[in-house]
Amino acid sequence: MSREYLGRGWTFPVRPRDDGGGISVSEYEASIVESIHLIMNTQPGERQMLPSFGCPLQDLIFNTNTAGTRHEAESMVRTALSKWEPRIDVDNVVAKPDADNTNRIRIHIEYTVRKSNNHQNLVHLVQLQEFFDAD
(Lines give C-alpha, C1' and ligand atoms only; values in the text may rest on other atoms or scores of the structure.)
Protein backbone atom coordinates (compact mmCIF):
# COMPACT_ATOMS: atom_id res chain seq x y z
CA MET A 1 0.00 0.00 0.00
CA SER A 2 1.41 3.38 -1.01
CA ARG A 3 1.77 6.05 1.65
CA GLU A 4 1.90 8.98 -0.81
CA TYR A 5 -1.32 10.34 0.68
CA LEU A 6 0.61 11.24 3.85
CA GLY A 7 2.54 13.84 1.91
CA ARG A 8 6.08 15.07 1.70
CA GLY A 9 7.78 18.41 1.91
CA TRP A 10 10.89 20.21 2.99
CA THR A 11 12.26 19.20 6.36
CA PHE A 12 12.05 21.69 9.14
CA PRO A 13 14.30 23.35 9.81
CA VAL A 14 15.15 23.59 6.12
CA ARG A 15 18.55 22.05 5.40
CA PRO A 16 20.46 20.59 2.46
CA ARG A 17 20.42 16.86 1.75
CA ASP A 18 23.34 14.88 3.14
CA ASP A 19 24.72 14.38 -0.37
CA GLY A 20 24.48 18.13 -1.07
CA GLY A 21 22.08 17.58 -3.96
CA GLY A 22 19.18 19.82 -3.03
CA ILE A 23 16.90 20.35 -0.06
CA SER A 24 16.27 17.58 2.47
CA VAL A 25 12.73 16.18 2.26
CA SER A 26 10.50 14.80 4.99
CA GLU A 27 7.84 12.31 4.01
CA TYR A 28 5.00 10.18 5.31
CA GLU A 29 4.67 9.86 9.12
CA ALA A 30 7.85 11.91 9.67
CA SER A 31 6.22 14.76 7.77
CA ILE A 32 3.26 14.71 10.16
CA VAL A 33 5.52 14.66 13.24
CA GLU A 34 7.52 17.62 11.91
CA SER A 35 4.30 19.46 11.15
CA ILE A 36 3.03 18.91 14.70
CA HIS A 37 6.27 20.22 16.21
CA LEU A 38 6.21 23.18 13.82
CA ILE A 39 2.67 24.07 14.91
CA MET A 40 3.60 23.72 18.59
CA ASN A 41 6.73 25.88 18.22
CA THR A 42 5.11 28.70 16.23
CA GLN A 43 3.52 31.47 18.26
CA PRO A 44 0.42 32.96 16.59
CA GLY A 45 1.42 36.25 14.99
CA GLU A 46 4.90 35.07 13.95
CA ARG A 47 3.88 34.37 10.36
CA GLN A 48 3.04 37.59 8.61
CA MET A 49 0.94 36.03 5.85
CA LEU A 50 -0.83 33.58 8.20
CA PRO A 51 -1.02 35.39 11.56
CA SER A 52 -3.32 32.90 13.30
CA PHE A 53 -1.08 29.90 12.53
CA GLY A 54 0.50 28.12 15.48
CA CYS A 55 -0.14 27.33 19.12
CA PRO A 56 0.10 30.00 21.85
CA LEU A 57 2.11 27.82 24.27
CA GLN A 58 4.63 30.63 24.77
CA ASP A 59 1.87 32.60 26.50
CA LEU A 60 2.40 30.19 29.41
CA ILE A 61 6.15 30.80 29.77
CA PHE A 62 5.86 32.87 32.97
CA ASN A 63 3.24 30.63 34.57
CA THR A 64 4.11 28.14 37.28
CA ASN A 65 3.83 24.44 36.54
CA THR A 66 0.40 23.90 38.10
CA ALA A 67 -2.55 21.72 37.13
CA GLY A 68 -4.27 24.83 35.75
CA THR A 69 -1.30 25.70 33.53
CA ARG A 70 -1.08 22.12 32.25
CA HIS A 71 -4.83 22.03 31.55
CA GLU A 72 -4.52 25.28 29.59
CA ALA A 73 -1.63 23.80 27.58
CA GLU A 74 -3.71 20.71 26.77
CA SER A 75 -6.55 22.89 25.50
CA MET A 76 -4.19 25.02 23.39
CA VAL A 77 -2.63 21.93 21.78
CA ARG A 78 -5.98 20.29 20.99
CA THR A 79 -7.30 23.47 19.40
CA ALA A 80 -4.16 24.19 17.34
CA LEU A 81 -3.73 20.65 16.02
CA SER A 82 -7.42 20.33 15.16
CA LYS A 83 -7.19 23.57 13.19
CA TRP A 84 -3.78 23.27 11.51
CA GLU A 85 -3.05 19.56 10.91
CA PRO A 86 -5.85 18.14 8.73
CA ARG A 87 -4.16 14.74 8.27
CA ILE A 88 -4.81 13.68 11.87
CA ASP A 89 -7.53 13.29 14.47
CA VAL A 90 -6.35 14.24 17.95
CA ASP A 91 -7.28 11.37 20.28
CA ASN A 92 -5.78 12.54 23.56
CA VAL A 93 -3.57 15.29 24.95
CA VAL A 94 -2.17 14.99 28.46
CA ALA A 95 0.23 17.52 30.00
CA LYS A 96 2.33 16.28 32.93
CA PRO A 97 5.11 17.85 34.96
CA ASP A 98 8.55 16.61 33.95
CA ALA A 99 10.10 14.49 36.70
CA ASP A 100 13.61 15.82 35.93
CA ASN A 101 12.77 19.54 35.69
CA THR A 102 10.02 21.24 37.70
CA ASN A 103 9.86 24.07 35.13
CA ARG A 104 9.12 21.80 32.19
CA ILE A 105 5.83 20.35 30.97
CA ARG A 106 5.70 17.11 28.99
CA ILE A 107 2.75 17.17 26.59
CA HIS A 108 1.79 13.65 25.48
CA ILE A 109 -0.14 13.77 22.20
CA GLU A 110 -1.96 10.73 20.82
CA TYR A 111 -3.41 10.99 17.34
CA THR A 112 -4.75 8.90 14.48
CA VAL A 113 -3.71 9.45 10.87
CA ARG A 114 -7.05 9.86 9.11
CA LYS A 115 -6.37 8.11 5.82
CA SER A 116 -4.60 5.06 7.27
CA ASN A 117 -6.29 4.82 10.70
CA ASN A 118 -2.74 4.49 12.07
CA HIS A 119 -2.44 5.41 15.76
CA GLN A 120 0.65 7.46 16.71
CA ASN A 121 1.94 9.39 19.70
CA LEU A 122 4.65 11.86 20.55
CA VAL A 123 5.85 14.03 23.41
CA HIS A 124 6.38 17.77 23.10
CA LEU A 125 8.31 19.61 25.82
CA VAL A 126 7.45 23.11 27.01
CA GLN A 127 10.02 24.96 29.10
CA LEU A 128 8.62 27.45 31.59
CA GLN A 129 10.70 30.37 32.84
CA GLU A 130 12.77 29.58 35.90
CA PHE A 131 12.38 31.99 38.79
CA PHE A 132 15.21 32.61 41.18
CA ASP A 133 14.90 33.93 44.68
CA ALA A 134 16.38 37.46 44.73
CA ASP A 135 17.54 37.14 48.36
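Going through Leu60, Leu128 one at a time, which residue ends up being touching a residue at least 40 places away in the same chain (Cβ under 8 Å), of a type in the set (A, V, I, L, M, F, W, C) and under 22 Å from Arg47 (Cα atoms)? Talk me through it step by step, then tell me what you get.
Numbers: Leu128 fails: under 22 Å from Arg47 (Cα atoms).
When all the criteria are applied, what remains is Leu60.
Taking the stated definitions as given, is Pro51 more than 28 Å from Lys115 (Cβ to Cβ) and either assigned to a loop (DSSP other than H, G, I, E, B) or at pLDDT 95 or above (or both)? So Pro51 fits the description; yes.
Looking at Ala134, Ala80, can you tell me which residue is modelled with pLDDT of 95 or more and of a type in the set (A, V, I, L, M, F, W, C)? Sole residue among the options that is modelled with pLDDT of 95 or more and of a type in the set (A, V, I, L, M, F, W, C): Ala80.
Could you tell me whether any residue of region 82-89 is under 15 Å from Val33 (Cα atoms) and assigned to a helix (DSSP H, G or I)? Looking through region 82-89, at least one residue is under 15 Å from Val33 (Cα atoms) and assigned to a helix (DSSP H, G or I).
Results for (1) touching an Asp or Glu at 6+ places or on another chain (Cβ under 7 Å); (2) over 20 Å from Arg104 (Cα atoms), shown as yes or no for each residue.
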site: Ile36; (1), (2): yes, no
site: Ser52; (1), (2): no, yes
site: Asp59; (1), (2): no, no
site: Ala67; (1), (2): no, no
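Screening Pro97 with (1) farther than 16 Å from Leu57 by Cα; (2) surrounded by 15 or more Cβ atoms within 10 Å (Cβ to Cβ) gives one miss only, at (1). Applying the selection to region 57-88, what residues are surrounded by 15 or more Cβ atoms within 10 Å (Cβ to Cβ) and farther than 13 Å from Gln127 by Cα? Once the filter is applied, which keeps residues that are surrounded by 15 or more Cβ atoms within 10 Å (Cβ to Cβ) and farther than 13 Å from Gln127 by Cα, region 57-88 yields Glu72, Glu74, Met76, Val77, Arg78, Ala80, Leu81, Trp84, Glu85, Arg87, Ile88.
The values are calculated or read from the model by the stated rules, or taken from the named source; none is laboratory data. Quantities reported herein were computed from a predicted structural model and do not represent experimental measurements. Glycine also receives a Cβ, built like all others from the backbone with ideal geometry; neighbour counts cover every protein chain displayed.
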